Amino acid sequence: MDKGKQITGAAREELTREMKKQYENGLSIRAIAEAHGRSYGFVHQVLTQAGVPLRSRGGDRSHRRLEKAGRSQR
């Protein structure tokens with residue numbers, strides 16, 4: 001798809017499904033935006049409109065909390 005071109009209808013639904021799958025498989029919004037030649041804001045909007053629960057900034061930090069508590073995850 002051309003960068004900056006408006007995407008509507010079936011093409012947008014397909015793009016939404018693809019971006020949702022990529023995000024749920026662990027890709028960041030920035031990585032998805034780069035892969036599709038779209039902006040961060042566009043990808044964020046598409047995921048939000050699709051009802052995808054967004055991760056907090058910084059990725060999965062659960063292992064860091066365990067280390068601070070004096071426990072190892074291993």
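The values are calculated or read from the model by the stated rules, or taken from the named source; none is laboratory data. These numbers come from a predicted model, not from an experiment. Methodologically, a virtual Cβ is constructed for each residue, glycine included, from the backbone with ideal geometry; neighbour enumeration extends over all protein chains shown.
What the table below lists for this structure:
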{"read-out": "Subset of the range 1-43 [buried (at least 16 other Cβ atoms within 10 Å of the Cβ) and outside any loop (DSSP other than H, G, I, E, B)]", "value": "15, 16, 19, 20, 22, 23, 29, 32, 33, 36, 42, 43"}
{"read-out": "The lone exception for residue 56 - which of (1) modelled with pLDDT of 95 or more; (2) within 11 Å of the chain's Cα centre (by Cα) it fails", "value": "(1)"}
